[in-house]
Amino acid sequence: MELPSLDFTLFTNGTPSQQKYLCDTLLAYCKNHGVAKITNCGIPNSAIDELLNWNRHFFQLPYDVKMKAPHPATPNPHRGYSGLGQERVSSVTFDAKESFDQGPTDDSLQPNIWIPEEDLPGFRTFMEGFFNLCCDAQLLILRALAVGLNMPEYTFDKLHSRHEFELRLTHYPAIDIKKLQTDTNRISEHHDWGTITLVFQDSTGGLEFEQKDRPGVFHAVESVKPMEIVLNVGDCLHRWTNGTLHSVNHRVRIPRSLSTQQQGLVPDRHSVSFFCKPNRDESVASWKVFQSDALVRYEDITSYEYNQRLLKTTY
Ligand SMILES: O=C(O)CCC(=O)C(=O)O
Ligand SMILES: [Fe+2]
């Protein structure tokens with residue numbers, strides 16, 4: 001199953017009928033698959049190339065330097081560098097990845113943890129700027145989704161006004177294909193916990209999503225160019241819409257181009273995830289307008305409680 005890229009200039013600069021097409025198509029992907037590929041949502045392509053370059057530079061640093069910004073051994077703050085195996089997405093399978101987590105600059109509850117400027121000059125400035133670009137992009141995407149849902153265009157704006165989002169760099173080191181065929185994943189199957197996630201990836205491949213109506217059947221979602229951003233629906237959007245929008249199960253495994261290979265090395269892979277999450281004090285209960293069968297599937301807890309519940313299972 002190939003996912004075509006949806007060009008967001010249809011929403012920002014298109015005619016009313018092109019705008020409608022973009023919103024309806026985006027909504028259909030979010031309902032039927034929980035995933036879509038998008039381009040031109042306001043983040044310059046050159047910034048995405050640069051982002052992946054910074055990702056490479058960061059993880060190429062010696063381990064001791066990366067450990068100058070250690071993610072604590074505990075879930076909070078969910079910031080800084082996590083080495084191989086520190087985060088456990090699955091309780092069964094080892095995930096061969098290292099990551100670096102960042103939030104907004106002014107978050108006193110979860111302050112950022114940076115390596116010293118002299119160890120990678122320019123890294124922090126670029127990453128803080130890219131975080132802001134993602135903030136603008138998520139607003140645009142959620143407005144298009146709101147229009148697709150026949151809701152007021154600005155429905156999601158105030159629910160995300162505090163930018164309590166996370167930006168994560170991930171590096172999957174080169175690995176023997178036999179390991180990925182047996183006891184190791186790059187990232188085990190999981191749902192994202194927030195509203196939507198934007199995934200920027202290099203051309204290595206390996207990201208897969210589970211078909212909604214065929215549990216256990218996964219399809220590759222690769223980006224021919226890094227400008228093709230993968231959009232995942234997360235749990236909070238699923239909860240608010242009472243399951244109308246589908247929080248997609250996904251994982252990273254062997255790239256499609258190597259799937260028949262029996263031996264050798266799978267090259268390393270770099271990706272970046274921007275997790276757009278509701279303000280911490282927002283409820284993530286199902287909205288009445290989506291309760292056609294009077295069944296409230298999801299209880300009234302805050303976004304923060306929901307997030308903490310899940311975070312505690314992985315660190
Ligand atoms: O590396 C990827 O492409 C996806 C990573 C992911 O799913 C995540 O960080 O939640
Ligand atoms: Fe994910």
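Any read-out appearing in this document is the output of simple, stated calculations on the displayed coordinates, not a laboratory observation. Just so you know, these numbers come straight off a predicted model, no measurement behind them. Every residue, glycine among them, receives a Cβ derived from its backbone with ideal geometry; neighbour counts consider all protein chains shown.
A few points about this structure:
- Mean ellipticity per residue at 222 nm, deg cm²/dmol - from DSSP H runs of n ≥ 4 across the chain, formula -39500 (n - 2.57): -8500 deg cm²/dmol
- Likely footprinting exposure, E189, E228, fewest C-beta neighbours within 10 Å first: E189, E228
- Of the residues L180, A96, P226, the one whose Cα sits farthest towards the positive end of the charge dipole of the chain is L180 (charges of +1 on Lys and Arg Cβ, -1 on Asp and Glu Cβ, taken about the Cα centre).
- Lys, Arg +1 and Asp, Glu -1 on Cβ, resulting dipole of the chain about Cα centre, debye, nearest 20: 580
- For the chain, built as a Gaussian network whose Cα springs stay under 10 Å, the top-fluctuating residue of G206, G122, G83: G122
- Nearby lysines by direct alpha-carbon distance to K277 (threshold 18 angstrom, same-chain neighbours under 8 apart not counted): K158, K312
- Candidates Q86, Q262, Q110, ranked by Gaussian network fluctuation over the chain, Cα under 10 Å, top entry: Q262
- Cut-off 13 Å between beta-carbons: net charge of the residues surrounding Y63, Lys and Arg +1, Asp and Glu -1: -1
- Dipole orientation for the range 5-311: of the candidates F131, G85, Y29, Y29 has the Cα lying most toward the positive pole (charges on Cβ; Lys, Arg +1; Asp, Glu -1).
- Taking a ≥ b ≥ c as the square roots of the eigenvalues of the alpha carbon gyration tensor, the chain is rounded, as a/c is under 1.5.
- FRET efficiency for D136 and L258, using Cβ-Cβ distance with R0 set to 45 Å, rounded to 0.05: 0.80
- Cα-based helix-to-principal-axis angle, 123-148 vs the chain, degrees rounded to 10: 30
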